[in-house]
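Below is one structure, written out as structure tokens; the observations come after it.
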Amino acid sequence: MTNTELKREHPKFSHPQSIVPGVSAGNILESHEPHGVPMKDMWSHQKDHMQLVSPLNRRKFEVLVVGTGLSAGAAAAALGELGYKVKVFTYHDSPRRAHSIAAQGGVNASRAKKVDNDSAYRHTKDTVKGGDYRCRESDCWRLAYESIRVIDHMNAIGAPFAREYGGTLATRSFGGVQVSRTYYTRGQTGQQLQLSTASALQRQIHLGNVEIFTHHDLMDLIVTEKDGAKHCDGIVTRNLITGEIAPFTGHAVILATGGYGNVYHKTTLAKNSNASAIMRAYEHGAYLASPAFVQFHPTGLPVNSDWQSKTILMSESLRNDGRIWSPKKEGDDRDPNTIPEEERDYFLERRYPAFGNLVPRDVASRAISQQINAGLGVGPLHNSVYLDFRDAIERLGKDKIRERYSNLIEMYEEAIGESAYETPMRIAPTCHFTMGGLWTDFNEMTSIDGLFAAGECSWTYHGANRLGANSLLSASVDGWFTLPFTIPNYLADHLNEEKLAEDSPEAQATLAQSQERIDRLMGVRGENPHGPSYYHRQLGDILYHGCGVSRNVEDLKTAITKIRELREDFWANVRIPGEANDMNQVLEYGLRVADYLDLGELMCVDALDRDESCGAHFREDHLTEDGEAERDDENWCFVSAWEPGANKNEFIRHAEPLYFDSIPLMTRNYK
């Protein structure tokens with residue numbers, strides 16, 4: 001048994017049968033939460049009983065951090081400040097460029113400064129309920145408790161939060177809540193938090209506590225066997241400028257490499273965001289949890305042409321003042337300003353009166369998709385609905401709307417060529433965030449000893465649907481206020497142990513495997529050559545149709561078959577020009593797409609296997625009488641944590657049962 005497996009199975013849980021060929025049941029996983037403690041107290045109890053490392057011993061440990069976003073940058077800066085030797089790796093030329101910088105709307109914290117009856121309990125309840133009870137409740141309590149420190153800390157290190165007239169920090173509302181707990185810097189919150197975190201990281205680099213390696217892309221993990229269990233001893237990276245491959249070893253490795261949404265090709269993510277780090281971990285035996293849990297943001301800009309390379313995010317904050325509607329008549333191509341009020345359908349306000357336009361993202365995206373699929377879409381391709389500021393401008397004035405959202409409205413005008421002050425925005429659901437990721441225990445360690453995961457590449461907090469403004473929060477909580485406690489707790493048991501030598505047989509074997517992977521890709525010489533983008537675009541189309549906003553059995557089965565055929569074509573015909581020992585961006589892209597094909601297959605397997613609807617996993621064969629998602633708590637109230645099987649097209653589904661004490665199971669209702 002590994003360190004993540006119970007000595008005995010929980011008597012109340014049994015694995016449900018899978019309808020997917022090749023799927024077998026695995027082990028019941030142990031979360032390593034403290035026993036005999038209420039969930040709301042678990043994090044404080046865990047911290048109080050963690051092991052410590054003396055300041056004099058901290059320089060004996062070396063920690064490798066992959067990534068420089070909010071989680072990775074914060075963890076590297078905090079561990080460097082504490083006195084550990086830290087090496088941080090990024091494929092960018094600067095830590096400032098990490099994709100955390102693209103987040104817009106805000107960061108949640110239950111500081112209750114609005115006197116609107118907010119609390120840590122309400123924050124936890126909103127997060128668990130928003131995730132449709134497919135998350136770990138104890139994690140959500142940690143998120144709520146540490147949120148207060150996140151805001152105070154980010155404010156202290158330079159994040160320029162918006163303020164009220166009297167100087168106090170301003171807040172606004174986000175989807176899935178009925179209080180005002182979202183702190184923001186106009187529509188640039190991710191940018192300002194990332195810049196503040198990067199500044200803290202650069203300070204530690206300047207002081208010599210952290211060493212940074214830019215233009216270094218993770219190629220593989222160095223994993224060894226110790227006492228029958230897998231242990232992560234380091235990483236292998238490729239220098240994107242020179243093509244040089246090199247090993248790095250340490251006492252612990254943190255992966256904080258972001259989400260895998262780019263598997264869908266057209267997404268709101270930066271084009272370089274990728275899934276390669278988590279796929280290398282998965283191939284080594286780190287369990288990949290709930291890969292089918294993907295969030296489609298309701299307020300993306302619609303796709304306007306086939307050649308479009310990505311979609312653009314419009315912050316959820318716009319739903320505070322913008323009203324979402326579609327015409328009541330199919331194919332209505334009139335100027336939206338000429339459509340009378342009685343011919344408009346404010347369908348979110350109609351269907352969900354208690355929350356209106358601020359329902360959670362999965363609910364909003366489904367409703368928008370249903371309007372579009374019913375023939376009520378607008379725009380040149382009839383693939384969007386309207387987000388209208390008319391009433392807010394009449395109520396508050398254009399200057400107030402400009403003060404709140406000017407950078408977003410300017411971005412919209414530059415992309416679409418229309419002014420949102422004069423005509424409604426056009427929006428549509430688009431892939432944005434992945435709730436799934438590497439499975440981690442309560443201490444954020446994966447099923448491989450010594451390998452930790454944080455931020456969006458981890459599965460924690462969000463369950464089957466993330467609430468808006470919880471993303472920047474969870475990344476910050478992981479990096480600033482979780483890993484700086486759990487990493488020392490882990491290292492304390494390894495005092496005076498030497499790290500693996502970089503010229504050891506194990507490290508050199510991993511180096512050789514990385515080179516073999518590159519050589520295999522470079523060596524494909526098929527009769528029908530295509531570049532990586534040819535395959536990526538097709539994969540995205542398959543996933544949007546088969547594993548998109550809504551799913552069904554037949555489309556998922558078809559998607560799995562198509563992905564396997566596409567993968568065979570890829571390895572037979574993909575063409576990578578240039579050389580491997582030089583800067584080669586097509587080679588980088590080809591390596592990414594190879595991982596996307598494997599991941600896309602696993603996502604569809606997970607979606608077909610999970611025989612229920614929950615959150616963003618909306619199965620058309622599991623609906624309530626009024627068309628909402630219908631969970632099956634009796635059979636599927638657990639986290640699916642996947643491991644590759646021994647043979648091709650085989651998968652092992654491990655399970656962590658989910659239990660709730662402060663936030664009892666109930667059917668979500670936003671009406």
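The values are calculated or read from the model by the stated rules, or taken from the named source; none is laboratory data. The model shown is predicted, which means the values in this text are computed figures rather than measured ones. Quick reminder, even Gly has a Cβ in these numbers, built from the backbone with ideal geometry, and neighbours come from all protein chains shown. Just the protein is used for accessible areas: all its heavy atoms, side chains included, with ligands, DNA and RNA removed. Shrake-Rupley method; radii C 1.70, N 1.55, O 1.52, S 1.80 Å.
Summary table
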item: Set Ala354, Ala364: member being surrounded by fewer than 17 Cβ atoms within 10 Å (Cβ to Cβ) and in contact (Cβ under 8 Å) with a residue 40 or more places away in the chain; result: Ala354
item: Number of the exception - Pro34 against (1) open to solvent by 20 Å² or more (accessible area, probe 1.4 Å); (2) more than 19 Å from Val150 (Cβ to Cβ); result: (1)
item: Residue satisfying all of: in segment 125-183; surrounded by 22 or more Cβ atoms within 10 Å (Cβ to Cβ) and aromatic (Phe, Trp, Tyr); farthest from Phe618 (Cα to Cα) among these; result: Tyr183
item: Complete set of residues in segment 314-334 that are charged (D, E, K, R) and in a strand (DSSP E or B); result: Arg323
item: Any hit, segment 536-553, residues being acidic (Asp, Glu) and either open to solvent by 60 Å² or more (accessible area, probe 1.4 Å) or without any contact (Cβ under 8 Å) to a residue 12 or more places away in the chain (or both); result: yes
item: Within segment 630-640, tally of residues that are closer than 18 Å to Asn465 by Cβ and part of a helix (DSSP H, G or I); result: 2
item: Odd one out for His231, checked against (1) assigned to a strand (DSSP E or B); (2) in contact with an Asp or Glu (Cβ under 9 Å, 6 or more places away or on another chain); (3) surrounded by 24 or more Cβ atoms within 10 Å (Cβ to Cβ); result: (3)
item: Candidates Leu79, Leu70, Leu56 - the one that is without any contact (Cβ under 8 Å) to a residue 24 or more places away in the chain and either farther than 24 Å from Glu656 by Cβ or not hydrophobic (A, V, I, L, M, F, W, C) (or both); result: Leu56
item: Residue in segment 642-652 that is open to solvent by less than 20 Å² (accessible area, probe 1.4 Å), assigned to a helix (DSSP H, G or I) and over 14 Å from Ser550 (Cα atoms) present; result: no
item: Leading residue by the ranking (farthest from the chain's Cα centre (by Cα)) among those in segment 113-160 that are among the hydroxyl-bearing types (Ser, Thr, Tyr) and part of a loop (DSSP other than H, G, I, E, B); result: Ser119
item: Any hit, segment 609-629, residues being in a helix (DSSP H, G or I) and either farther than 30 Å from Tyr534 by Cβ or modelled with pLDDT of 95 or more (or both); result: yes
item: Lone unmet requirement of (1) within 25 Å of Arg238 (Cα to Cα); (2) charged (D, E, K, R); (3) out of contact with any Pro (no Cβ under 7 Å at 6 or more places or on another chain) for Glu568; result: (1)
item: Test: residue in segment 152-172 that is among the aliphatic types (A, V, I, L, M), under 11 Å from Asn108 (Cβ atoms) and out of contact with any strand residue (DSSP E or B) (no Cβ under 8 Å at 6 or more places or on another chain); result: no
item: The lone exception for Thr237 - which of (1) among the hydroxyl-bearing types (Ser, Thr, Tyr); (2) open to solvent by 50 Å² or more (accessible area, probe 1.4 Å); (3) closer than 25 Å to Ala594 by Cα it fails; result: (2)
item: Selection count where residues are open to solvent by 10 Å² or more (accessible area, probe 1.4 Å) and over 17 Å from Leu381 (Cβ atoms), scope segment 310-334; result: 6
item: Extreme residue, farthest from Gln194 (Cα to Cα), among residues of segment 45-70 that are touching a Gly at 6+ places or on another chain (Cβ under 7 Å) and in a strand (DSSP E or B); result: Glu62
item: Top-ranked residue in segment 400-417 [being among the acidic types (Asp, Glu) and surrounded by 14 or more Cβ atoms within 10 Å (Cβ to Cβ); ranked as farthest from Gln370 (Cα to Cα)]; result: Glu410
item: Failed criterion for Gly73 (all others in (1) farther than 16 Å from Phe485 by Cβ; (2) in a helix (DSSP H, G or I); (3) touching a strand residue (DSSP E or B) at 6+ places or on another chain (Cβ under 6 Å) hold); result: (3)
item: Criterion: among the hydroxyl-bearing types (Ser, Thr, Tyr) and touching a Pro at 6+ places or on another chain (Cβ under 7 Å) - qualifying residue of Thr460, Thr510, Thr482; result: Thr510
item: Any hit, segment 304-311, residues being β-branched (Val, Ile, Thr), part of a loop (DSSP other than H, G, I, E, B) and at pLDDT below 95; result: no
item: Lone qualifier among Gly397, Gly468 - being open to solvent by less than 10 Å² (accessible area, probe 1.4 Å) and either within 24 Å of Tyr184 (Cβ to Cβ) or at pLDDT 95 or above (or both); result: Gly468
item: Which listed residue, of Thr168, Thr197, Thr189, Thr224, is more than 28 Å from Thr127 (Cα to Cα) and among the hydroxyl-bearing types (Ser, Thr, Tyr); result: Thr224
item: Neighbours by Cβ (under 7 Å, 6+ apart or cross-chain): first from segment 184-198, part of a helix (DSSP H, G or I); second of a type in the set (D, E, K, R) and at pLDDT 95 or above; result: Gln194/Arg96; Leu195/Arg96; Ala198/Arg96
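Listed here are the residues, each with its yes/no results for (1) without any contact (Cβ under 8 Å) to a residue 24 or more places away in the chain; (2) open to solvent by 30 Å² or more (accessible area, probe 1.4 Å); (3) within 22 Å of the chain's Cα centre (by Cα).
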residue: Gly208; (1), (2), (3): yes, yes, no
residue: Asp220; (1), (2), (3): no, no, yes
residue: Ile241; (1), (2), (3): no, yes, no
residue: Gly250; (1), (2), (3): no, no, no
residue: Ser276; (1), (2), (3): no, no, yes
residue: Tyr282; (1), (2), (3): no, no, yes
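One line per residue, one yes/no per condition, for (1) open to solvent by less than 10 Å² (accessible area, probe 1.4 Å); (2) under 20 Å from Asp541 (Cβ atoms); (3) small (Gly, Ala, Ser); (4) in contact (Cβ under 8 Å) with a residue 60 or more places away in the chain:
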residue: Asp595; (1), (2), (3), (4): yes, yes, no, yes
residue: Asp598; (1), (2), (3), (4): no, yes, no, yes
residue: Arg610; (1), (2), (3), (4): yes, no, no, yes
residue: Arg631; (1), (2), (3), (4): no, no, no, yes
